[in-house]
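J.: What follows is a single structure, and I will ask about it in a moment.
Where a number appears in this text, it was derived from the coordinates with a stated rule and is not lab data. Not measured: the values here are computed from a predicted model. For neighbour counting, all protein chains shown are included, and Cβ atoms are generated from backbone atoms with ideal geometry for every residue, glycine included.
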Amino acid sequence: MTSWRYAISIVIFHLSIAVTSSPPGSVAVPHHLGPGGWVLEAPDGNETVSFNQTWSTTVGSSISCGARYRTDLNLMSCQDAVNRIPDDVRDMRFGYDKYGVEVDVHLPSRYISYDGLCTIDIVLKDEVTAATGTYRELSLAAIGLLHRCVAPHHNGGIAMGLGRDTDIGLIMTSFKPRVTCRRGNAPPIGNCKHLQDKMTTSSMPKSFGFDVKLPKHLYESNRQCEAIIRTFGLPDVSSFYEVWEAIVAVSGMCVRFGQIGTAWYRGQKKQLYIEIALQAR
């Protein structure tokens, strides 16, 4: 089966291999392979479940479920993540605008549940930098993943072959967010989304504390949503992709509900944490 290149973190156990230097849910800094992220093999043919006629006339090719997409998914959490996908039938251009293409939806893009336990990533096929599709199609594919993978077996899965040219995929998996929320001067959720869209998401390992001076402040253009990367005291190796994951988690679990929050224990030695607020300290 064709391999795909995805801009996601370790959504498939870092393909079922636990990395001892990184806590669950964090980026183990795999090799970056270009516009789409990392090569993740699609499941074996005997794991593939084709859509029935109703699904196939709506969303295209196939859904695959399996342990490689994790086996501890919570149905209610994933239902909430699915509900975050807009119900929009307009054509949208999904892609990586840093490669000089105009897009409507910036990738990487992730929907996360209220409790942070379920994520849905929009991904692209190998070597593709942009593709056209609709949110409605992605929403139906996500519902298909719920019914085929999560509900019967608590498994994650992938929906492949979406979009006008079948170049879009959707991965549903579990996540361990390590986020706490608290009352405070919460930024507008739209501004935090803008920060996610515009920040660098490179998976290149960096020493936060040496290569990246700490504390590191990240802003969107209106400075209404601020993220600060801090350390408990020691430098640590991580990537801006892991920082992006943390910002997505705090935005979806805290800012969405009018709170501020912190993502804890990032980096290979769990020395980093990321705060989000309207005016962080």
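J.: Considering Cα pairs under 8 angstrom that are at least six residues apart, work out the relative contact order of segment 179-277 and quote it in whole percent.
T.: Relative contact order of segment 179-277: 39 percent.
J.: List the residues whose amide H sits under 5 Å from the amide H of residue 154, counting only those 5 or more places along or on another chain, with H placed 1.01 Å from N in the peptide plane.
T.: Correct list: empty.
J.: A further question follows. Hey, if you put +1 on the Cβ of every Lys and Arg and -1 on every Asp and Glu Cβ in segment 125-247, which of 175, 232, 128 ends up farthest toward the positive end of that dipole?
T.: Going by the charge dipole, the pick is 232.
J.: Follow-up. Could you give the size of the charge dipole of segment 180-281 about its Cα centre, using +1 on the Cβ of each K and R and -1 on the Cβ of each D and E, expressed in debye and rounded to the nearest 20? If you can, show how the numbers build up before the last one.
T.: Numbers: 14 positive and 8 negative charges, 50 e Å.
Magnitude of the dipole: close to 240 debye.
J.: Also, quick follow-up: I need the Debye-formula profile for segment 64-132: one equal scatterer per C-alpha, no solvent, reported as log10 I(q)/I(0) at q = 0.20, 0.24 1/Å, two decimals.
T.: -0.93, -1.07
J.: Here is a follow-up. From zero outward in steps of 10 Å, how is the percent of C-alpha pairs of segment 180-236 spread across the bins?
T.: 20, 44, 33, 3
J.: Could you tell me how far the Cα centroid of segment 63-90 sits from the Cα centroid of segment 244-281, in Å?
T.: 22
J.: Which order do peptides 191-197, 107-113, 157-163 fall in by mean Cβ count within 10 Å, highest first?
T.: 157-163, 107-113, 191-197
J.: May I have the extent of the alpha carbons of segment 170-281 along their three principal axes, as whole Å values ordered from largest to smallest?
T.: Taking the Cα atoms of segment 170-281, the three principal extents are 34, 32, 25 Å.
J.: Need one number for segment 92-187: average projected area of the convex hull over its C-alpha atoms, nm².
T.: 7.8
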